[in-house]
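Below is one structure; the comments refer to it alone.
The values are calculated or read from the model by the stated rules, or taken from the named source; none is laboratory data. Just so you know, these numbers come straight off a predicted model, no measurement behind them. Cβ placement follows ideal geometry from the backbone for every residue including glycine, while neighbour counts extend to all protein chains displayed.
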Amino acid sequence: MVRDEGLTLHEAAAELGVHYMTAYRYVRLGQLDAVKRSGTWRVSRAELDRFRAEPSEEPAERAPRGRVDWGQRMHSRLVAGDAGGAWSVIESALAAGSTPARVYTEVISPALVNIGERWAAGELDISVEHRATGIVQRIIGRLGPQFVRRGRSRGSVVIGAPSGERHGLVVSMLSDLVRAAGWEVSDIGADSPASSFVSAARETRSAAVVVSVTHADSLESCRDTVLAIREAEPDMPVIVGGRGIASRAVAASVGADHHSAGLDDLLDLLDQVAAGSRTA
Ligand code: B12
């Protein structure tokens, strides 16, 4: 059976009645989903029909401001392995009024979650997820400097993921978001031994240590990390959070002082910790 390769971009442009370069722009901005095969962009018939069915003449203005599904556009570019297009989506989101913080939470994170779900459902090969990870790593590198806040620091915090926990993208994003709130962050990354949490916290005289757990299998190593911090620095507040810490009870079971359910929560907790250390 001959595999349906879809339409070339020239064919798709002709069917849409637009110039080739316009169709190319739709693709690179994540508005029209296309994949590259043997160096040529291909658009499926179903995607072309979906695109055509969307209201409004000018795709850039299709959805009212704020209602563009940037996560979906990013997902499309990440799955296609299109690093340039993924960056164009970021630039478009920023130009439309988003902030670097919202780019993390509303553009990149949903795209990654979607990729994870499609991988778990057997729709996407693991290589697609790895390629997407590489692209996101580079995007975070480019966006990072925009999170630096001038002015007086609120104190230092160590953020990392414990031994065996390889989900480090979220540690980088969390670190930037916490940095933007005025904290000095020691981002020790993923798969960090317990001793690294301790030495980083001591060296930076941190106000708290944040341990990020994404995969449930890392709970035991999280517990070891919390224990090691407890033994070395008994007064050091330890906050745990992430997809792998499903509830307060789980946080308590690994010996943490606090459970952070989300980012806002984490910033509030850090404020409390800072207030506590000021009054101590
Ligand atoms: C990219 C990815 C990987 C990459 C990681 C690369 C990297 N450098 O980070 C690689 C390929 C290495 C990987 C490996 C694995 N992965 Co993976 N991965 C993902 C994926 C697609 C994206 C992760 C991510 O960055 N998400 C973006 C973050 C921002 O989203 P989030 O985790 O939901 O976080 C939100 C909140 O929870 C909060 N938050 C998160 N952490 C923290 C921490 C604190 C302190 C706070 C306050 C808040 C907070 O902030 C976010 C706000 O939007 C997810 C899918 C998903 N749903 O996320 C799967 C996923 C996490 N992986 C999964 C699995 C199963 C694995 C593997 C076991 C696969 C395998 N068989 O090898 C291994 C485990 C490796 C290990 N030992 O850690 C499962 C986990 C399921 C489970 N039961 O726990 C997921 C959910 C995929 C799925 N749908 O099944 N993975």
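Values for this structure:
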| quantity | calculated |
| --- | --- |
| Close pairs (6 angstrom Cβ cut-off, 6 or more residues apart or separate chains): farther than 16 Å from residue 228 by Cα in the stretch 253-269, part of a strand (DSSP E or B) and near the ligand (Cβ under 10 Å from one of its atoms) anywhere | 258/239; 260/239; 260/241; 266/260; 269/239; 269/258; 269/260 |
| Residues of the stretch 12-28 that turn out to be of a type outside the set (Ser, Thr, Tyr), within 17 Å of residue 52 (Cβ to Cβ) and in contact (Cβ under 8 Å) with a residue 24 or more places away in the chain, as a count | 4 |
| Unmet criterion (only one of (1) surrounded by 13 or more Cβ atoms within 10 Å (Cβ to Cβ); (2) touching a strand residue (DSSP E or B) at 6+ places or on another chain (Cβ under 6 Å); (3) closer than 28 Å to residue 267 by Cα) for residue 80 | (3) |
| Matching option when the condition is without any contact (Cβ under 8 Å) to a residue 40 or more places away in the chain, farther than 25 Å from residue 115 by Cβ, buried (at least 22 other Cβ atoms within 10 Å of the Cβ) and outside the structural domain of residue 107 (by TED's automatic domain parsing), among 209, 198, 238 | 238 |
| Residue 131 in contact with a Gly (Cβ under 7 Å, 6 or more places away or on another chain), surrounded by 15 or more Cβ atoms within 10 Å (Cβ to Cβ) and not in a helix (DSSP H, G or I) | no |
| Every residue from the stretch 25-73 that is assigned to a helix (DSSP H, G or I), surrounded by 12 or more Cβ atoms within 10 Å (Cβ to Cβ) and modelled with pLDDT under 70 | 59, 60 |
| Condition broken by residue 199, with the remaining ones in (1) in contact with a strand residue (DSSP E or B) (Cβ under 6 Å, 6 or more places away or on another chain); (2) at pLDDT 95 or above satisfied | (1) |
| Residue list for the stretch 241-280, restricted to those being among the charged types (D, E, K, R), within 20 Å of residue 218 (Cα to Cα) and surrounded by 14 or more Cβ atoms within 10 Å (Cβ to Cβ) | 243, 257 |
| Condition check for residue 97: at positive phi, outside any helix (DSSP H, G or I) and within 8 Å of the ligand (Cβ to nearest atom) | no |
| Test: residue 154 is assigned by TED's automatic domain parsing to the domain that holds residue 206 and either under 21 Å from residue 270 (Cβ atoms) or modelled with pLDDT of 95 or more (or both) | yes |
| Counted residues, the stretch 140-180 - those being among the polar types (S, T, N, Q) and in a helix (DSSP H, G or I) | 3 |
